[in-house]
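I have placed the structure first, in the form of structure tokens, so that the comments after it can refer back to it.
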Amino acid sequence: MDVNPKFFPVPEVYRPDGNQTAKAYLLSLKKRWLEFGIAALKEEIRKKKELKKGQSDDTVGELNSQIEAREKETREAEAELRLIGSTKQADQEKRKQILRINVTKWISELHRKAVEEAELAGKSAGAAREQHNKNNDRYREAEDDFEKALKDPSFTNEWK
């Protein structure tokens, strides 16, 4: 599923509790991420349906196509959410592959944000520069943590 960052913002922290494996944490994080995105998509659909009232045919047609696209994204996200909870052996490899793809995309987006913050820090001074540097450090740390999680034995070996 291609995700729209407007509805599915990238998780910016990696903070498992002391009892969670990397795999368990990533699955729970992805579940919350999908639930948030699904709720945001449904709200967007509701707003678009409200906008249709009293609009011209052209506008209604455009809104209908936008609603249809959001409904498709919602169905795909809901299918992914169901897959997270699946214990069927046949689903496990797909579940692992999709999670790896998502986490890799999160890592890429965190890297992009870190680079952007570094560029802004170079153009700023004083408190603004300090804040951009802190943001850069936070994004880089999260990026590293997610990369380590993908290499954790619970993710690579113990997939059931």
Quick one: how many residues across the range 139-160 are without any contact (Cβ under 8 Å) to a residue 24 or more places away in the chain and not in a helix (DSSP H, G or I)? 1
Hits in the range 62-78 (condition: surrounded by 12 or more Cβ atoms within 10 Å (Cβ to Cβ) and small (Gly, Ala, Ser)): 69, 77
Report the residue count in the range 10-57 for those that are under 21 Å from residue 100 (Cα atoms) and surrounded by 13 or more Cβ atoms within 10 Å (Cβ to Cβ). 23
Where a residue in the range 124-138 is assigned by TED's automatic domain parsing to the domain that holds residue 107 and its partner, wherever it lies, is surrounded by 14 or more Cβ atoms within 10 Å (Cβ to Cβ) and hydroxyl-bearing (Ser, Thr, Tyr), with Cβ under 8 Å and at least six apart: 132/124
Would you confirm, using the coordinates I've provided, whether residue 100 is assigned by TED's automatic domain parsing to the domain that holds residue 152, at pLDDT 90 or above and out of contact with any Gly (no Cβ under 9 Å at 6 or more places or on another chain)? yes
Tally time: how many residues in the range 110-123 are surrounded by fewer than 19 Cβ atoms within 10 Å (Cβ to Cβ) and touching a residue at least 24 places away in the same chain (Cβ under 8 Å)? 1
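One line per residue, one yes/no per condition, for (1) acidic (Asp, Glu); (2) modelled with pLDDT under 95; (3) assigned by TED's automatic domain parsing to the domain that holds residue 28; (4) within 30 Å of residue 42 (Cβ to Cβ):
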| residue | (1), (2), (3), (4) |
| --- | --- |
| 71 | yes, no, yes, yes |
| 111 | no, no, no, no |
| 146 | no, no, no, yes |
| 158 | yes, yes, no, no |
For residues in the range 14-26 being among the hydrophobic types (A, V, I, L, M, F, W, C) and over 12 Å from the mean Cα position of the chain (by Cα), which is farthest from residue 81 (Cα to Cα)? 22
Is it the case that some residue within the range 1-9 is surrounded by 12 or more Cβ atoms within 10 Å (Cβ to Cβ) and over 10 Å from the mean Cα position of the chain (by Cα)? yes
Across the range 150-160, what is the total count of residues that are in contact with a Ser or Thr (Cβ under 9 Å, 6 or more places away or on another chain) and either surrounded by 16 or more Cβ atoms within 10 Å (Cβ to Cβ) or within 15 Å of residue 25 (Cβ to Cβ) (or both)? 6
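The values are calculated or read from the model by the stated rules, or taken from the named source; none is laboratory data. Because the structure is predicted, anything quoted here is derived from the model rather than measured. Reconstructed Cβ throughout: ideal geometry from the backbone, glycine too, with neighbour counts over all protein chains shown.
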